[in-house]
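Asks: First the structure, which I've put down as structure tokens, then a few questions once you've had a look.
The values are calculated or read from the model by the stated rules, or taken from the named source; none is laboratory data. Owing to the predicted nature of the structure, the values given are computational and were not obtained by experimental measurement. Please note: Cβ atoms are built from the backbone with ideal geometry, for glycine as well, and neighbour counts cover all protein chains shown. Accessible surface is based on the protein model in full, side chains and every heavy atom, while ligands, DNA and RNA are left aside. Shrake-Rupley method; radii C 1.70, N 1.55, O 1.52, S 1.80 Å.
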Amino acid sequence: MFDINKVYTSNNCGDFTIVSYIKASEVNIKFIKTGYETTVSAGNIIKGRVRDLFFPSTHGVGFAGGLIKGGTRCKAYFTWASMLRRCYSDKGKANDPSYRGVTVCSQWHNYQNFAKWFDENYIKGFHIDKDLKQACVDNKVYSPKTCQFISQADNSIEANSKNYEFINPNGESVSVYNLTEFCRGTDLCQGHMSQLHLGKLKAHKGWTVSKQVKESKP
């Protein structure tokens, strides 16, 4: 019924070939792009309704990699798909330019790997975050090493935090991520340090900002 040497085309997952024909309900096929092999019915081959579980169908990079436990409406899948959308969707990056240049590690392109990490780490009501674990707002990669689940309160603190560059009284450069926490642990006034950062104050208790920071401000 089918030519084993012929290349067939699926509706959504690219081309494939017939590996062997057992019977109408049991045809073994192999996808050319990924090498994924599966068994399907002859009727689905004719209709093009065959699926490659390793075809990057989610925002151009993500793939199911196996059975999606709980379906595409479950929390793990929604979190995974949203993460990929923010990083790889033109529309997603247009809505939030801060995600330009942000990527997801290749391990998490496979949903099965992400779902395993999710099940082991998820805290109900918390959100995935890639910055606080390493206290680095410039982190550009979602991965098991950089991500954790944080509360909405922590997420708000992070959103309102930013990098500050100061020169301490000894002339040393100091990079501050969270100004509130920094001033809370020192004998410095947050309001004055904020004014210093904005260029509205020349110095505060011997602290200044570098010439480069001053020149970069509008």
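Asks: For the chain, what is the convex hull (Cα atoms) projected area averaged across all directions, in square nanometres?
Replies: Working: hull surface 66.5 nm².
Value for the chain: 16.6 nm².
Asks: What whole-number value in Å² describes the accessible area per residue of the chain for a 1.4 Å probe?
Replies: On a per-residue basis, 60 Å².
Asks: Expressed as a whole percentage, what fraction of the accessible surface of region 1-114 belongs to carbon and sulfur atoms when a 1.4 Å probe is rolled over the protein heavy atoms? If you can, show how the numbers build up before the last one.
Replies: Working: 3150 of 6490 Å².
The computed percentage sits at 48.
Asks: Next question, about the same structure. I'd like the FRET efficiency for Ala203 and Asp96, computed as 1/(1 + (r/R0)^6) with the beta carbon distance as r and R0 of 41 Å, rounded to 0.05.
Replies: It comes to 0.70.
Asks: Rank these residues by their accessible area, most exposed first, probe 1.4 Å: Trp207, Trp108.
Replies: Ranking Trp207, Trp108 by accessible area, largest first, yields Trp207, Trp108.
Asks: Could you tell me the accessible area of Lys91 in Å² (1.4 Å probe, neighbours in place), rounded to the nearest ten?
Replies: The accessible area of Lys91 comes to roughly 150 Å².
Asks: Let me ask something additional. How fast does region 1-91 diffuse by Stokes-Einstein, in µm²/s, taking the Kirkwood radius from C-alpha pairs at 37 °C and 0.692 mPa s?
Replies: It diffuses with D of about 229 µm²/s by this estimate.
Asks: Assuming 0.36 nm per residue, please report the length gained on full extension of the stretch Lys47 to Cys189 beyond their Cα-Cα distance.
Replies: Between Lys47 and Cys189, full extension yields 44.1 nm more.
Asks: Please list 3J(HN,Hα) in residue order for region 192-198, calculated via the Karplus relation 6.51 cos²θ - 1.76 cosθ + 1.60 where θ = phi - 60°; whole Hz, with x for glycine and proline.
Replies: Residue by residue, region 192-198 yields 5, 5, 5, 5, 4, 4, 7 Hz.
Asks: May I pose another question? Note down the magnitude of the dipole of the chain about its Cα centre, charges +1 on Lys and Arg C-beta and -1 on Asp and Glu C-beta and zero elsewhere, to the nearest 20 debye.
Replies: Taking the Cα centre of the chain as origin, the dipole is about 420 debye.
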